[in-house]
Amino acid sequence: MLRFQRYASSYAQSRVLRRYPVGGLIHGYEVRRVLPVPELKLTAVDLVHERTGAEHLHIDRDDKNNVFTIGFKTNPPNATGVPHILEHTTLCGSVKYPVRDPFFKMLNRSLSNFMNAMTGPDYTFYPFSTTNRADFANLRDVYVDATFNPLLTPEDFYQEGWRLEHSDVKDSKSDIVFKGVVYNEMKGQVSNANYYFWIKFQESIYPSLNNSGGDPQKITDLFYQDLVDFHHAHYHPSNAKTLTYGNFPLEESLQRLNEEFENFGKRSRSDGKLLPIELPQDLEVRKAGQADPMLPPERQLKTSMTWICGEPQDTYETFLLRVLSNLLMDGHSSVFYQRLIESGIGLDFSVNSGLDSASAANFVTIGLQGVQDVDEFRKTVKDIFAEVANKPFNRDRIEAIMQQLELSKKDHKSDFGLQLACSLVPSWTNKVDPFESLLFDEILQRFREDLENKGDSLFQDLLKKYIVDKPSFLFTMEPVEDFSQRLEVEEKERLGRKLDQLDESDREVVYNRGLLLQEKQNAKEDLSCLPSVKVSDIPRKDDTFEVRRQEPNIWTRITDTNGISYIRAKRELSNSIPQELYPYLPLFADSLTSLGTSTEDYSDIEDAMKLHTGGISTMIDVSSDPITTKPHLYFRVSGWSLNSKTEHVFDLWKKLLLGTDFQKHSEKLKILIRGLASNNTSAVAEAGHSFARGYAAASFSAARGISESFNGVEQLQLINRLNSLLDDEESFQREVVDKLVELKNRIISSQGLEFFITTDSDPVVSSLAKQISQFESQLPQTLHNDGLDPTSFPLLPQKPSTLINFPFQVHYAARSLPGVSYTHGDGAPLQVLANLLTFKHLHTEVREKGGAYGGGASYSALEGMLNFFSYRDPRPLQSLKTFENAGQHALQEAQWDSADLDEAKLTIFQRLDAPISRKSEGVSLFYSGVTDEMRQNRREQLLDVTRKDVDRVAEKYLLNKDGSNAVVGPEIEGETVPPNWQIKNL
Ligand SMILES: [Zn+2]
C-alpha cells in the first residue's frame, strides 16, 4: 500500500485546499480527504454523503470539458442481462421527465460532447461531458432522475429487453417472434467471434460474474418484476458512486445530489466483491464457437492460459504486473511475440491476452488465435515463463516503458477527464481507492527505487509468486461448422416452448401489447418538460487556429504543447500508382512499421521508438477536396517526441521509409498478412454497418471507391488471397514482395513532400526546419506519372443491390446517395436533414419498432455523401424500405417545426464544437484543405438552415432518387435476399 505523503504537504495549491477543508461539510457531504496531484495539474477531493453513505469524488482541474458520472455496483444475479436491460430502461423515462426515452431526446437538446451509459461486468456507469455550464446542470438532472426515479414501465421492459410479438405487428396471423433492443444487441455480440471467445472465457473463469450483458439464450427468461426488484436493490445512494471533473463549481452538484438523497436512508449492505474460481490445480475448459470462413480449417483454434495474480486493490503490485506483461508481450522484441507469433505457433494474440484488472482479481493471460497445436503452445508458454524468471530483464525496455508513461502524461488530451473517470470508476466500485490510482509519480518513484535496490528479482519474485509452477486456467474454443445454424435452431426451439405455453387469451395479450407498444412509439409527445440549451448559446464565430507557412512546404502551429513536438509529413500520390496496386497501399503502410531494414530487425527499431519518441506511424489516406469533392490520395508519416528528441523522429522515419527491406524480412511479411487475415471476420462483425455503408457509397464517388478498396470487401478479398499463397514462394515473391518493392519506389520521394509541425516555440520551429531539410535531402527525387489518376478510379456498379454474406446472427443495412462538396450551400441543409431523419423518424422506425440496436442517417460533409444505416438489424430489408421512403416522409409526413430544427442543429454542433487536443489544432487544413474561412462559412450556413431549405434538399437529393444498397450478414433463404440481388461470398 502507498502512503499519502503529500496529504498534509505544502504544495502551492493552498487556494484549492482552502476551498475543500478536510472535515468540512458541503450540502450534506463531508470532505474526507484532499489530494493535490501537481504533475497532472489536478486536486482530488474525496467526500461522503453523511445521511446515505453515498461517495463522491471531485477532481478539480482547470479544464472546461467537465464530466459527471454516476455509477452503481451491480452484481448480476444470473445471465439474463438484468443489469444491462436496467441500464437501457432507466433511460426510458423518469418521474420528473415522463417522456419516452429522455436520454435519446437529450442527445439533441444538449451541447454535450459525450453522453452514454455502460454495463460493466459488476458495475453500471452513466457518464457525460460538456463545456457548457447550463448544459451540465441539465444533463446532471436528467441522469440523477433517470437513475433514482425511473418509470420502468412494462412497455419499456418489452421494448428494450425482450418480448414476443407478431413479426407484422398489425397482422395477428403473422408469426410470433422474439424482439427487443438488448436481445438483438446481444445476438449481434455473439456474432463477433472475439467477443464470444472473451465472454465464454469470462463465464468460465469468473462464473460468479454471470454475463452482465445477457446471454441471448437466457435473456428470454427475465420477467418484468425481476427488473423492478433489481433496480430497487441496487440503485440506492448507499450503493452509488458519483464523480465530477473540471472547472465547474462542486457545490452545485452536491446540492442537487443532496436534494435527491433526502428521500433515502442509509443501507448497511451493498453488493460485495465477486471472486473468480479457485485454482488448486490446472483446470481446462473447452467451448464450441463459430468457424471463421476466412481462415483455413487448421487455423481455427483459439486458446489461452491464465494465472490469477492477486487483486487490483494492491495498486503497486498491479502496476508491476502491468509493466511485466508489457515487457513480455508488447511489441516485436517481446519474448512472447517472438516465440509464439513469429515462430508461427499462432497467428495473433487472443483478445483476453495481457493483464486484466477490471474486476476484483488480477488475471495474467497468454493466449493465441489461429493455433494448430495446443500442447505445443502450452509447453512453450511454460518454458518461457520458467526462463524469464531466471534471466535479467533488458533495462532499456524497462526505461522505454517509463518514458512512454511520462510522455503520455504530458500529451494534451481533450477528453482527459472522461478517460480518467473511465479508468477510476470500475476499480473504485471494487473498493480500489481512487486516490492511490492518482498517485502517479509516487508509484513511478517507488518503482525506480525498487528496481535500483532489488534489481531483476523485483519481477522474478512476482513470476515465482503467481505464475511459474503455479496452476493455470486453460481455455480453448473449437470451431463448429454449423455453429450459427445451431444457434438458430436453439432459438426456434426456445421460441416454440414459449409459444406452446400460450393459450388463446395469452395470444390476444401478445397481439394487443404489440399494438399498444406501436401506438406509444408513434405518439407525438410533449417534450416541454425536458431542459434544453438553445441554438443561441452556440457562438456564431468559431475558434480559429493560426497556422503559418514557415517554408513553402512547412506549416507550423505554435501552441502550448508541454514541451512536445508533433511532426507530420504527407506526399500526394496523384497519378503515380497503377490501378492494380491501389489495394496494396494499406499493406505497404503497415509493412513499414512491422518488418525491419537490411541492417536492423524491427524489434530494435521499435525499442528505439519507445525509448525516444511517443510513437511513429505511417498511413495511406484518401480525402475529398472541399471544393470539388475530387479525391486526393496521400502517403502520410507522423511522429512525436519531447522537443529535445526530435532528431530521433527523423532518424526513425529515414530507417522505415528508406531502409525497410521487404525481401530480407519476407517471413515477417507473412506473419503480418496472417495476422491481418485472422482478424478479418471480427473486424466486420465489429463494424458491419461501416462495411455496408462503405460498399454502398463506392458507387458514387471515386474517393469512396478508393476507400472501399482500402478498407472494404475488396481489401478483405485481397488479404484472403495473399494469405492463401504464402506457402508458394514463387507466387509470394511475385504477388507480394515485388509489388511492395514497386510501391516503395513510387511512393518514397522528396518530390511534393509537405510538413506540419505543432510545437511550443519559434526556436524549436527553426531547429525542426533544419532537421526537415536534412531529412528531405536524404530521400530520392523520383517522380512517377504512369499510374491511375485517383479521379478516374472506377466506381462500383450502383445496381443491383448487394448482400455481403457473413455467418452472423444479425444484419447491417446501408443505403447511400450522392450530395455536394463541403463548400456547396446545400451541404448544410443536407446535414440538418440527416439529423432530423435520424432523431425524428429512423430511431423510432429502425430501433424502437424494427428491433435493431441502432439506425439512422448521416451526412458526410467532406465526402458529400448521404448515408443511411442500421446496426445489428433483424429486418434489414424493412429498414432499406424505410430508407428508400425517407424523402417522401420528409416532404409529406414529417411535421418538423423550428424546435425540431434547433435540436438537429444542437446535435451537429455537439460534434463540431467538441474540444480538440492541442496537437489537432489546425490539422484539418493540412490534411483536408479545409480553411478557417470555409469552416466559418459552413458554420453560419448550418446555423441559418430553415425548414424550407430542408424541404428543398430533400426533394432535390432524396425524393425518388436512385441510391445504392448493401447489406452485411447471413443469406437466409426467402428472407434476406430478393431474387435480383447480387451476393458477395468471401
Ligand atoms: Zn446495450
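Under the condition of being acidic (Asp, Glu) and under 15 Å from residue 704 (Cβ atoms), which residue from segment 600-632 is farthest from the chain's Cα centre (by Cα)?
Once the filter is applied, the top-ranked residue is 625.
Tell me yes or no: at least one residue of segment 121-134 is within 26 Å of residue 424 (Cα to Cα), open to solvent by less than 10 Å² (accessible area, probe 1.4 Å), assigned to a helix (DSSP H, G or I) and in the same structural domain as residue 208 (by TED's automatic domain parsing).
So far as segment 121-134 goes, no, none of its residues is within 26 Å of residue 424 (Cα to Cα), open to solvent by less than 10 Å² (accessible area, probe 1.4 Å), assigned to a helix (DSSP H, G or I) and in the same structural domain as residue 208 (by TED's automatic domain parsing).
Go through segment 659-673 and report how many residues are assigned to a helix (DSSP H, G or I) and touching a Gly at 6+ places or on another chain (Cβ under 7 Å).
1
Look at residue 591 and say whether it is of a type in the set (Gly, Ala, Ser), touching a residue at least 60 places away in the same chain (Cβ under 8 Å) and either assigned by TED's automatic domain parsing to the domain that holds residue 337 or surrounded by fewer than 20 Cβ atoms within 10 Å (Cβ to Cβ) (or both).
Details: of a type in the set (Gly, Ala, Ser): yes; touching a residue at least 60 places away in the same chain (Cβ under 8 Å): yes; either assigned by TED's automatic domain parsing to the domain that holds residue 337 or surrounded by fewer than 20 Cβ atoms within 10 Å (Cβ to Cβ) (or both): no.
So residue 591 does not fit the description; no.
Can you name the residue in segment 68-83 that is in contact with a helix residue (DSSP H, G or I) (Cβ under 6 Å, 6 or more places away or on another chain) and not in a strand (DSSP E or B) and is also nearest to the ligand (Cβ to nearest atom) among such residues?
The extreme case among them is 81.
Each row is one residue, and each column tells you yes or no for (1) open to solvent by less than 20 Å² (accessible area, probe 1.4 Å); (2) in contact (Cβ under 8 Å) with a residue 24 or more places away in the chain; (3) farther than 30 Å from residue 665 by Cβ; (4) not assigned by TED's automatic domain parsing to the domain that holds residue 747.
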site: 554; (1), (2), (3), (4): yes, yes, yes, no
site: 569; (1), (2), (3), (4): yes, yes, no, no
site: 600; (1), (2), (3), (4): no, yes, no, no
site: 625; (1), (2), (3), (4): no, yes, yes, no
site: 638; (1), (2), (3), (4): no, yes, no, no
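Among what's in segment 197-214 and is within 14 Å of the ligand (Cβ to nearest atom) and over 20 Å from the mean Cα position of the chain (by Cα), pick the residue that is surrounded by the most Cβ atoms within 10 Å (Cβ to Cβ).
Residue satisfying both the conditions and the ranking: 214.
Could you tell me how many of the residues in segment 786-802 are among the small types (Gly, Ala, Ser) and assigned to a loop (DSSP other than H, G, I, E, B)?
Residues that pass the stated criteria total 2.
Name every residue in segment 718-757 that is open to solvent by less than 20 Å² (accessible area, probe 1.4 Å) and without any contact (Cβ under 8 Å) to a residue 12 or more places away in the chain, in order of residue number.
Within segment 718-757, just 731 meets the criteria.
So, residue 366, is that one in contact (Cβ under 8 Å) with a residue 12 or more places away in the chain, under 25 Å from residue 465 (Cβ atoms) and in a strand (DSSP E or B) or not?
yes
Mind counting the residues in segment 221-230 that are open to solvent by 10 Å² or more (accessible area, probe 1.4 Å) and within 11 Å of residue 161 (Cα to Cα)? Step through it out loud before you land on a result.
First, pick out the residues of segment 221-230 that are open to solvent by 10 Å² or more (accessible area, probe 1.4 Å): 221, 223-226, 228-230.
Narrowing the set further to residues that are within 11 Å of residue 161 (Cα to Cα) leaves 221, 223-224.
Of the residues in that region, 3 qualify.
Conditions tested, residue by residue: (1) surrounded by fewer than 17 Cβ atoms within 10 Å (Cβ to Cβ); (2) at pLDDT 95 or above.
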site: 779; (1), (2): no, yes
site: 785; (1), (2): yes, no
site: 800; (1), (2): yes, no
site: 806; (1), (2): no, no
site: 809; (1), (2): no, no
site: 816; (1), (2): no, yes
site: 825; (1), (2): yes, yes
site: 852; (1), (2): no, no
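Evaluate segment 45-67: report whether one residue or more is more than 16 Å from the ligand (Cβ to nearest atom), out of contact with any helix residue (DSSP H, G or I) (no Cβ under 8 Å at 6 or more places or on another chain), open to solvent by 10 Å² or more (accessible area, probe 1.4 Å) and of a type in the set (Lys, Arg).
Within segment 45-67, one or more residues are more than 16 Å from the ligand (Cβ to nearest atom), out of contact with any helix residue (DSSP H, G or I) (no Cβ under 8 Å at 6 or more places or on another chain), open to solvent by 10 Å² or more (accessible area, probe 1.4 Å) and of a type in the set (Lys, Arg).
If I ask for residues that are surrounded by fewer than 16 Cβ atoms within 10 Å (Cβ to Cβ) and over 19 Å from residue 859 (Cα atoms), which ones from segment 882-915 would you list?
Correct list: 892, 893, 895, 897, 898, 899.
Could you tell me whether residue 218 is touching a Ser or Thr at 6+ places or on another chain (Cβ under 7 Å), of a type in the set (D, E, K, R), within 16 Å of the ligand (Cβ to nearest atom) and open to solvent by 20 Å² or more (accessible area, probe 1.4 Å)?
yes
Taking only segment 143-196 into account, find how many residues are part of a helix (DSSP H, G or I), of a type in the set (A, V, I, L, M, F, W, C) and either crowded, with 24+ Cβ neighbours inside 10 Å or within 16 Å of the ligand (Cβ to nearest atom) (or both).
7
State all residues of segment 104-120 that are outside any loop (DSSP other than H, G, I, E, B), within 15 Å of the ligand (Cβ to nearest atom) and farther than 14 Å from residue 843 by Cβ; if no residue qualifies, say none.
Selection gives 115, 118, 119.
The values are calculated or read from the model by the stated rules, or taken from the named source; none is laboratory data. Keep in mind it's a predicted model, so treat the numbers as computed, not measured. Cβ atoms come from the backbone with ideal geometry, glycine included; neighbour counts cover every protein chain shown. SASA here: full protein model, heavy atoms, side chains in, ligands and nucleic acids out. Shrake-Rupley method; radii C 1.70, N 1.55, O 1.52, S 1.80 Å.
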